[in-house]
Ligand code: SAM
C-alpha cells in the first residue's frame, strides 16, 4: 500500500479528536499543504533507504512526506498526545511499522537516536530552532545534511556570511559544522494556525573533516559568545575577560592568532575564532 499524505481537513479533524489546540509555547504551527511538505523533502534530497530524523513531527504531515520516499524516520516529539498518536496515523496512511520510530521527548535532551540518522528534516518549533540545530549537529556526528524550516530572520542569520548585517553568534557557530544556504521562502498561508512571522527553508551540509576537537569547539564558542555580546567593541576589549587578561594581553594573543586586535567580532569567520582559541590554548 503506497503512503498517502495528510490533507488540511484531516489535520484539523485529528487535532480536534486529540483535543489539541496549537500552542505558541511549543511553536505548534502545522503545515496543511501537501505541496509544501513534498517540496521540503525534495530540497533535502531524501532517498529510499535513508534514515531521517525529524524534530517535532506534530500531527505527521511532513513525516508522511518523508516516509513516502521509502526512507525511514525517527521522529522526536515533546507533546505526548502527538507522539502517542503518530504511529496510528502513519499506519492508516500505508506506512509499515518498522519505518517509523517515535521518540516521546524534548529534542534538546535527546542524546541517542536508534539507527544513526544521516539526514535532519524538520519544521522546527520557532523558539528553540537554533539550540535544537546546534545540539543535533554536536550530538549526532552521523548527521551529514539537513533541511529545516525556520523563522525567516533565523534562517538568514544561520546562512549569513561574516561582515553582513545579520551575521552573529548563531551564524559563526553554525558554520563550525559546515556550509549553510537559504533554500527558499514558505508562505504563511500553508500553516495552521497562520503564524505572524515569515518562514524560510535553510539547508546545511556537514564538512567532511571536523574543524577541531571538542575542547577547541567549546573554547571557540565561548570566544564567539564574548565577541558578540559586545559586538560594537574592538576584539581586544570584548575578549579581554574570556581570554583571561587585560586588553593588552588580549591584543598580544589576537596578534599571535593573526587577527587584528582592533577588528570586531562581526568581521571574523569561524576559522579566525578557532585560531584565537588555539592561541589561547597554547598559552594556558
Ligand atoms: N512537523 C509538523 C508540521 O510540519 O506540521 C509540526 C511542526 S510545528 C512547527 C513544531 C512541532 O515541534 C510541534 O509538534 C511541537 O509540539 C514540537 N516541539 C516543540 N518543542 C519541541 C521540543 N523541544 N522537542 C521536540 N518537539 C518539540
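Within the set 221, 204, the sole residue that is within 30 Å of residue 42 (Cβ to Cβ) and either surrounded by 19 or more Cβ atoms within 10 Å (Cβ to Cβ) or touching a residue at least 12 places away in the same chain (Cβ under 8 Å) (or both) turns out to be 204.
Mind telling me which of the residues 45, 60 ends up being within 11 Å of the ligand (Cβ to nearest atom) and within 24 Å of residue 184 (Cα to Cα)? Criteria check complete, one pass: 60. Considering only residues that are in a helix (DSSP H, G or I), under 18 Å from residue 184 (Cα atoms), over 8 Å from the mean Cα position of the chain (by Cα) and modelled with pLDDT of 95 or more, which ones fall in segment 111-165? Within segment 111-165, 152, 153, 154, 155, 156, 157, 158 qualify.
The values are calculated or read from the model by the stated rules, or taken from the named source; none is laboratory data. Model, not experiment: these values are computed from the prediction. Every residue, glycine as well, gets a Cβ built from its backbone with ideal geometry; the counts of neighbours run over all protein chains shown.
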